[in-house]
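To keep things clear, I will list the structure first and then write my remarks on it.
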Amino acid sequence: MTILTIDRTSWNAGLDRARGDYTLVGSAWDADCLGFRELAPDEYPNMEGLLTRLSPKGVVFPPSQIMMTCALKPGDVKQNIYVSEEKLPSPRAVIGIRPCDAKALSLMPLNFDTGETKDPYVLNAWESCTWIGLAVTEPLASDFSTSCGTGPFDESPLDVLLVDDGERYLAKVITDKGTAWARSAGFETEAEEGAEALIKTKKEAAERAITSAISFDRIKEKTVLELYEANHWQKTTFACLNCGACTFACPTCWCFDIQDEVYEGKSYRMRNWDSCMTSLFTQHGSGHNPRETPLQRTRQRFMHKLKYFQDKYETGIMCVGCGRCIEQCPAGIDIREVCKTMNSQA
Amino acid sequence: MSSFEPKIITFLCNWCSYGAADLAGVSRFQYPPHMRVIRVPCSGRISPKMVLAALRKGADGVWISGCHPGDCHYIEGNYYARRKFTLLKEILEFNGIEPGRLHFSWISSAEGVKFAEVANRVIDEVKQLGPARVFIKKSPEESAA
Amino acid sequence: MNRYTETIQTLAAKLLETGDVKTVLGFKRGTFPLTTEPFLATTPADTGELYWDVNCRLNLATYLKKEMGKVAVVAKGCDTRNILVHITENRIKREDVVIIGVPCTGMIEVKKATEMAGGDILYATEQGEEMILTTAGEEIRVPKAQLLRQNCALCAHPNPVIYDMLVADPVPVQTGMDRYADIREIDAKTSDAKWAFFDEAFSACTRCYACRNACPLCYCPTCFVDESRPQWVGKGTDPVDVRTYHMLRAIHCAGRCTECGACESACPMDVPVRLLTRKMEKTVGDRWGLEAGLTLDARPAQDIFCLDDPEEFIL
């Protein structure tokens with residue numbers, strides 16, 4: 001592992017050099033909304049360290065995606081036979097992703113690769129990415145990532161960790177993928193000896209600045225039924241409007257819905273983001289709906305994130321503490337409070 | 001533009017305007033064959049979502065016709081329809097769908113002549129606007145690009 | 001603390017103690033700056049959590065359900081108009097709801113506050129006519145009037161129109177404001193410019209349906225977007241699907257919308273959804289001289305007609 005120093009004045013030129021080998025992905029403004037997406041050839045990523053409105057999950061899991069298509073025209077030899085529309089993505093450099101968001105995306109293979117079943121769309125997109133994170137030096141009030149097994153400087157999900165140091169970036173190159181990107185960009189000046197210590201100081205300062213935390217140790221110990229049948233749910237879920245704002249903003253919500261759309265003699269099998277907040281999500285063909293009431297749906301979301309996931313994968317909870325749902329919930333529901341209630345002794 | 005053959009989805013109420021279309025036919029009144037008629041029990045049956053569905057699927061124009069006020073078979077269906085049409089017209093135009101794509105008329109079953117006249121007028125206006133451009137659901141491929 | 005909070009708590013406690021209602025529907029303080037959370041108080045002890053400030057942006061009429069039994073609800077001017085609409089639409093019975101009316105001085109927009117503070121807001125407090133916004137670096141004071149939501153700045157009915165008790169004397173009602181300047185501006189554009197304007201304005205919409213779910217008027221058991229036979233609108237992010245949804249929702253709410261602004265406040269992507277509902281509101285006023293939710297004996301605009309409604313557009 002090496003630490004490079006990248007002068008801000010040579011940053012854009014480096015990105016441009018790397019464009020020959022990589023498609024750049026980063027945060028960018030669209031009207032008033034900061035998003036995370038593929039950048040145009042003349043566009044540079046926003047590096048102010050702001051929280052994007054939606055998480056970067058769209059990079060590997062687009063809101064709407066064509067999975068396969070089939071011809072419907074009578075006489076076509078491939079009539080009614082679905083053909084995969086999977087395209088092998090070209091290498092992408094994801095610039096400036098928050099470490100906790102990258103952590104969230106690094107959990108995705110848990111759901112999309114069971115060993116037996118692999119989702120080629122997500123996994124290939126994921127594999128094509130080189131993750132170049134930007135350490136969060138000024139955490140927001142809604143940030144509680146340090147208590148979720150990640151943090152503002154978490155290197156574990158990244159190939160390169162960039163640290164803002166005034167006139168320059170310190171780039172900690174962690175993996176071979178990261179080395180390849182740095183070489184492609186022509187970033188090769190090694191930082192001075194004290195750089196590692198400087199990053200450490202900055203890391204500690206950032207972690208100290210995060211004042212809110214959750215704990216979920218007791219949730220792990222309690223049984224599913226104990227949590228499921230607890231009598232606080234009526235109160236906890238009362239305000240929830242059952243909209244999908246939290247699920248769509250969340251970097252660890254990966255549920256989807258498959259829809260067929262027919263257009264001029266061709267059928268498209270699409271995968272769209274879905275939300276467990278809607279009653280349609282669990283509606284059976286028979287008419288039966290196992291999660292008919294708003295309470296059941298809201299409870300499901302928190303149980304899934306904080307209990308079921310923890311039990312099934314042993315990688316901690318399905319939340320990285322990015323804080324988007326807290327900022328965006330129209331009804332003021334705060335996952336930290338819900339976690340606290342679930343984790344409480346009573 | 002002269003070769004443009006518009007598709008116009010036409011909703012006709014069973015009791016008046018559909019009868020008028022029949023009369024126009026048996027009386028040999030001429031109008032171009034650009035209309036696709038959908039017979040409905042009453043103009044009040046037409047929901048804005050049906051009109052939007054027609055436009056989304058590529059109709060170049062929509063024409064809705066019912067009984068004259070006071071003549072509704074169900075006494076007051078067309079009065080409610082009139083309010084719905086007002087709102088529909090306003091919201092579509094506000095969103096940038098050209099005014100000439102959406103037409104309404106009251107035509108009784110005795111007015112075969114009026115039916116042909118209005119049909120010609122609607123077709124003329126839609127022809128002048130050219131094919132629908134904006135409010136059409138594109139193929140998922142195109143929309144993803 | 002906002003001066004209304006104490007009164008709301010006292011009134012609610014009394015109602016629960018006497019058994020006049022089973023529950024009181026109000027707001028409680030949010031855990032995050034500039035938020036509140038809808039809250040149902042069921043015992044007199046709960047009422048200490050009831051809270052009021054400039055962040056009570058949601059409309060509690062959304063939470064009123066028939067099966068709640070007798071319930072008291074805290075309501076701003078626009079919310080009471082909505083409750084009234086619910087009563088005329090037979091959603092709830094007048095005698096089942098006790099309305100704690102709040103003469104309203106307006107709710108603030110979080111986006112404006114964040115822009116004004118220039119950073120992450122750590123604390124926000126209301127002091128008289130000012131908001132004190134504290135960021136990591138500084139503390140700024142901003143007149144509340146500068147932070148108001150557009151619907152509040154243009155509000156014509158800040159006082160409850162129907163209520164059983166008021167938490168304070170009615171507030172002065174402003175007159176002479178131009179409520180539809182921005183709508184007329186869009187009206188004046190060419191068709192193509194209008195389409196392009198809304199294409200951009202709605203491009204951020206993720207179809208999370210926060211606007212629909214926050215709206216008290218959207219109570220259909222199955223919304224048209226969820227219908228599958230036929231499927232009226234695709235489920236993806238196609239801009240035509242997005243537009244279909246917003247246009248139809250606006251038509252459905254026409255003549256019923258009371259400009260409470262809950263839809264726009266709920267939107268996590270800052271989509272200006274009210275442009276469409278206000279266009280409808282303007283149409284209903286201009287064409288039929290109606291305004292929703294003002295008297296119990298008026299029916300919603302699409303539920304009635306006049307023999308001589310204007311019809312110059314009909315051939």
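The values are calculated or read from the model by the stated rules, or taken from the named source; none is laboratory data. Every value quoted in this text rests on a predicted model; they were computed, and no experiment measured them. Every residue, glycine as well, gets a Cβ built from its backbone with ideal geometry; the counts of neighbours run over all protein chains shown. What goes into the accessible areas is simple: the full protein's heavy atoms, side chains included, and nothing from ligands, DNA or RNA. Shrake-Rupley method; radii C 1.70, N 1.55, O 1.52, S 1.80 Å.
Just checking, how many residues over the range B:94-120 are without any contact (Cβ under 8 Å) to a residue 12 or more places away in the chain and facing chain C (nearest Cβ under 7 Å)?
Initially, the range B:94-120 is screened for residues without any contact (Cβ under 8 Å) to a residue 12 or more places away in the chain, giving B:94, B:99, B:117.
So of that shortlist, the ones also facing chain C (nearest Cβ under 7 Å) come out as B:94.
Residues in the range B:94-120 being without any contact (Cβ under 8 Å) to a residue 12 or more places away in the chain and facing chain C (nearest Cβ under 7 Å): 1 in total.
When the residues of the range C:252-308 are filtered to those that are open to solvent by less than 10 Å² (accessible area, probe 1.4 Å), within 14 Å of chain A (Cβ to nearest Cβ) and part of a helix (DSSP H, G or I), which remaining residue is farthest from C:Asn90 (Cα to Cα)?
So the residue we want is C:Ala266.
Between a residue in the range A:113-140 that is over 30 Å from A:Met47 (Cα atoms) and any residue that is part of a strand (DSSP E or B), which pairs come within a Cβ distance under 8 Å, given they are 6 or more apart or on different chains?
That search, which allows pairs on different chains as well, returns A:Asp119/A:Asp113; A:Pro120/A:Ser84.
May I ask you to verify whether A:Thr252 is assigned to a helix (DSSP H, G or I) and buried (at least 20 other Cβ atoms within 10 Å of the Cβ)?
Details: assigned to a helix (DSSP H, G or I): no; buried (at least 20 other Cβ atoms within 10 Å of the Cβ): yes.
No: the conditions fail for A:Thr252.
Looking at the range B:73-93, which of the residues that are among the aliphatic types (A, V, I, L, M) and buried (at least 22 other Cβ atoms within 10 Å of the Cβ) is farthest from the other protein chains (Cβ to nearest Cβ)?
Here is the first cut: in the range B:73-93, the residues among the aliphatic types (A, V, I, L, M) are B:75, B:81, B:87-88, B:91-92.
Pick out the ones that are also buried (at least 22 other Cβ atoms within 10 Å of the Cβ) and you get B:81, B:87-88, B:91-92.
Numbers: B:Ala81: 9, B:Leu87: 5, B:Leu88: 6, B:Ile91: 5, B:Leu92: 7 Å.
Filtering first and then ranking leaves B:Ala81.
Of (1) outside any helix (DSSP H, G or I); (2) over 28 Å from B:Ser139 (Cα atoms); (3) out of contact with any strand residue (DSSP E or B) (no Cβ under 7 Å at 6 or more places or on another chain), A:Phe302 satisfies all except one. Which?
Against the list (1) outside any helix (DSSP H, G or I); (2) over 28 Å from B:Ser139 (Cα atoms); (3) out of contact with any strand residue (DSSP E or B) (no Cβ under 7 Å at 6 or more places or on another chain), A:Phe302 comes up short only on (1).
Considering only residues that are in a strand (DSSP E or B) and either closer than 30 Å to A:Thr146 by Cβ or out of contact with any strand residue (DSSP E or B) (no Cβ under 7 Å at 6 or more places or on another chain) (or both), which ones fall in the range A:72-101?
Filtering the range A:72-101 for residues in a strand (DSSP E or B) gives A:79, A:83-84, A:92-97.
Across the range A:72-101, the qualifying residues are A:Arg92, A:Ala93, A:Val94, A:Ile95, A:Gly96, A:Ile97.
Checking C:Phe27 against (1) touching a helix residue (DSSP H, G or I) at 6+ places or on another chain (Cβ under 7 Å); (2) within 14 Å of another protein chain (Cβ to nearest Cβ), which test does it fail?
For C:Phe27, the exception is condition (1).
Being in contact with a strand residue (DSSP E or B) (Cβ under 9 Å, 6 or more places away or on another chain), of a type in the set (Lys, Arg) and either closer than 17 Å to A:Phe238 by Cβ or surrounded by 21 or more Cβ atoms within 10 Å (Cβ to Cβ) (or both) is the filter here; which residues of the range C:43-80 pass it?
Selection gives C:Arg57, C:Lys65, C:Lys76.
Looking at the range A:257-304, which of its residues are under 26 Å from A:Leu72 (Cα atoms) and free of Cβ contacts under 8 Å to residues at least 40 places away in the same chain?
Scanning the range A:257-304 gives A:Asp257, A:Gln259, A:Asp260, A:Glu261, A:Tyr263, A:Glu264, A:Gly285.
What's the total number of residues in the range B:121-130 that are surrounded by fewer than 14 Cβ atoms within 10 Å (Cβ to Cβ) and either touching a residue at least 12 places away in the same chain (Cβ under 8 Å) or assigned to a loop (DSSP other than H, G, I, E, B) (or both)? Steps first, please.
Let us first name the residues in the range B:121-130 that are surrounded by fewer than 14 Cβ atoms within 10 Å (Cβ to Cβ), namely B:124, B:128, B:130.
Filter once more, so that each one left must be either touching a residue at least 12 places away in the same chain (Cβ under 8 Å) or assigned to a loop (DSSP other than H, G, I, E, B) (or both): B:128, B:130.
Total meeting the criteria: 2.
Residues checked against (1) within 26 Å of A:Arg271 (Cα to Cα); (2) within 12 Å of another protein chain (Cβ to nearest Cβ); (3) open to solvent by less than 60 Å² (accessible area, probe 1.4 Å); (4) in a strand (DSSP E or B):
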site: A:Leu4; (1), (2), (3), (4): no, no, yes, yes
site: A:Ser27; (1), (2), (3), (4): yes, no, yes, yes
site: A:Gly35; (1), (2), (3), (4): yes, yes, yes, yes
site: A:Leu54; (1), (2), (3), (4): yes, yes, yes, no
site: A:Met67; (1), (2), (3), (4): yes, yes, yes, yes
site: A:Cys70; (1), (2), (3), (4): yes, no, yes, yes
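Given the conditions (1) open to solvent by 10 Å² or more (accessible area, probe 1.4 Å); (2) more than 29 Å from C:Ala188 (Cα to Cα); (3) within 11 Å of chain C (Cβ to nearest Cβ); (4) outside any loop (DSSP other than H, G, I, E, B), which single one is not true for B:Gly70?
(4)
Scan the range C:189-204 and give yes if some residue there is more than 24 Å from C:Ala262 (Cα to Cα), open to solvent by 50 Å² or more (accessible area, probe 1.4 Å) and part of a loop (DSSP other than H, G, I, E, B), otherwise no. Walk me through how you get there before you give the answer.
Initial filter on the range C:189-204 (more than 24 Å from C:Ala262 (Cα to Cα)): C:189-196.
With the extra rule that they be open to solvent by 50 Å² or more (accessible area, probe 1.4 Å), the set shrinks to C:189-190, C:192, C:196.
Next, from what is left, pick out any that are part of a loop (DSSP other than H, G, I, E, B): C:189-190.
Yes, the range C:189-204 contains at least one residue that is more than 24 Å from C:Ala262 (Cα to Cα), open to solvent by 50 Å² or more (accessible area, probe 1.4 Å) and part of a loop (DSSP other than H, G, I, E, B).
Picking from A:Gly35, A:Gly49, A:Gly26, which residue would you name as being in contact with a Lys or Arg (Cβ under 9 Å, 6 or more places away or on another chain), at pLDDT 95 or above and either among the charged types (D, E, K, R) or under 25 Å from C:Thr114 (Cα atoms) (or both)?
Every option except A:Gly26 fails the conditions.
Within the range C:1-36, which residues are hydrophobic (A, V, I, L, M, F, W, C) and either over 26 Å from C:Asp120 (Cα atoms) or surrounded by 16 or more Cβ atoms within 10 Å (Cβ to Cβ) (or both)?
Of all residues in the range C:1-36, those hydrophobic (A, V, I, L, M, F, W, C) come to C:1, C:8, C:11-13, C:15-16, C:21, C:24-25, C:27, C:32, C:34.
Correct list: C:Ile8, C:Leu11, C:Ala12, C:Ala13, C:Leu15, C:Leu16, C:Val21, C:Val24, C:Leu25, C:Phe27, C:Phe32, C:Leu34.
Out of everything in the range A:223-249 that is outside any helix (DSSP H, G or I) and free of Cβ contacts under 8 Å to residues at least 12 places away in the same chain, what residue ends up being nearest to C:Pro221 (Cα to Cα)? I'd like the intermediate steps shown before the answer.
Kept after step one, since they are outside any helix (DSSP H, G or I), are these residues of the range A:223-249: A:223, A:229-232, A:238-244.
Next, only the ones that are free of Cβ contacts under 8 Å to residues at least 12 places away in the same chain stay: A:223, A:229, A:231, A:238.
Working: A:Thr223: 35, A:Glu229: 27, A:Asn231: 27, A:Phe238: 19 Å.
That would be A:Phe238.
Out of all the residues in the range A:296-333, which are among the aliphatic types (A, V, I, L, M), within 14 Å of chain C (Cβ to nearest Cβ) and out of contact with any Phe, Trp or Tyr (no Cβ under 6 Å at 6 or more places or on another chain)?
A:Ala331, A:Ile333
Could you grab me the full set of residues in the range C:206-229 that are in contact (Cβ under 8 Å) with a residue 60 or more places away in the chain and either over 21 Å from the mean Cα position of the chain (by Cα) or surrounded by fewer than 20 Cβ atoms within 10 Å (Cβ to Cβ) (or both)? First the steps, then the outcome.
As a first pass, look at the range C:206-229 and keep what is in contact (Cβ under 8 Å) with a residue 60 or more places away in the chain: C:206, C:208, C:211, C:213-217, C:219.
Within the range C:206-229, C:Tyr219 is the sole residue that qualifies.
Starting from the range C:127-145, keep only residues that are within 12 Å of another protein chain (Cβ to nearest Cβ) and open to solvent by less than 80 Å² (accessible area, probe 1.4 Å), then list their pairs with residues that are in a loop (DSSP other than H, G, I, E, B) and of a type outside the set (Gly, Ala, Ser) whose Cβ atoms are within a distance under 8 Å, requiring at least 6 positions of separation or different chains.
C:Thr134/C:Ile121; C:Thr134/C:Leu122; C:Thr135/C:Asp120; C:Thr135/C:Ile121; C:Thr135/C:Leu122
Looking only at the range A:255-303, count how many residues are among the charged types (D, E, K, R), in contact with a helix residue (DSSP H, G or I) (Cβ under 9 Å, 6 or more places away or on another chain) and exposed (fewer than 15 other Cβ atoms within 10 Å of the Cβ). Lay out the reasoning, then the answer.
Step one: filter the range A:255-303 for residues among the charged types (D, E, K, R), giving A:257, A:260-261, A:264, A:266, A:269, A:271, A:274, A:291-292, A:297, A:299, A:301.
Next, from what is left, pick out any that are in contact with a helix residue (DSSP H, G or I) (Cβ under 9 Å, 6 or more places away or on another chain): A:257, A:261, A:266, A:271, A:274, A:291-292, A:297, A:299, A:301.
Filter again for exposed (fewer than 15 other Cβ atoms within 10 Å of the Cβ), leaving A:292.
Residues flagged as among the charged types (D, E, K, R), in contact with a helix residue (DSSP H, G or I) (Cβ under 9 Å, 6 or more places away or on another chain) and exposed (fewer than 15 other Cβ atoms within 10 Å of the Cβ) within the range A:255-303 amount to 1.
Name the residues in the range A:154-187 that are among the charged types (D, E, K, R) and open to solvent by less than 20 Å² (accessible area, probe 1.4 Å), would you? Reasoning before the result, please.
Quick first cut of the range A:154-187, residues among the charged types (D, E, K, R) only: A:154-155, A:159, A:164-165, A:167-168, A:172, A:176-177, A:183.
Those that are among the charged types (D, E, K, R) and open to solvent by less than 20 Å² (accessible area, probe 1.4 Å): A:Asp159, A:Lys172.
What's the number of the only condition in (1) assigned to a loop (DSSP other than H, G, I, E, B); (2) modelled with pLDDT of 95 or more; (3) not charged (D, E, K, R) that B:Gly58 fails to meet?
Checking B:Gly58 against (1) assigned to a loop (DSSP other than H, G, I, E, B); (2) modelled with pLDDT of 95 or more; (3) not charged (D, E, K, R), the one that fails is (2).
Return a yes/no flag: does the range C:74-96 have any residue that is under 20 Å from C:Arg57 (Cβ atoms), assigned to a loop (DSSP other than H, G, I, E, B) and more than 14 Å from chain A (Cβ to nearest Cβ).
Checking the range C:74-96: at least one residue is under 20 Å from C:Arg57 (Cβ atoms), assigned to a loop (DSSP other than H, G, I, E, B) and more than 14 Å from chain A (Cβ to nearest Cβ).
Among the listed residues C:Lys22, C:Lys14, identify the single one that is more than 8 Å from every other protein chain (Cβ to nearest Cβ), more than 19 Å from C:Leu166 (Cα to Cα) and out of contact with any helix residue (DSSP H, G or I) (no Cβ under 7 Å at 6 or more places or on another chain). Let's see the steps before the verdict.
Working: C:Lys14 fails: more than 19 Å from C:Leu166 (Cα to Cα).
None of the other options fit; the residue is C:Lys22.
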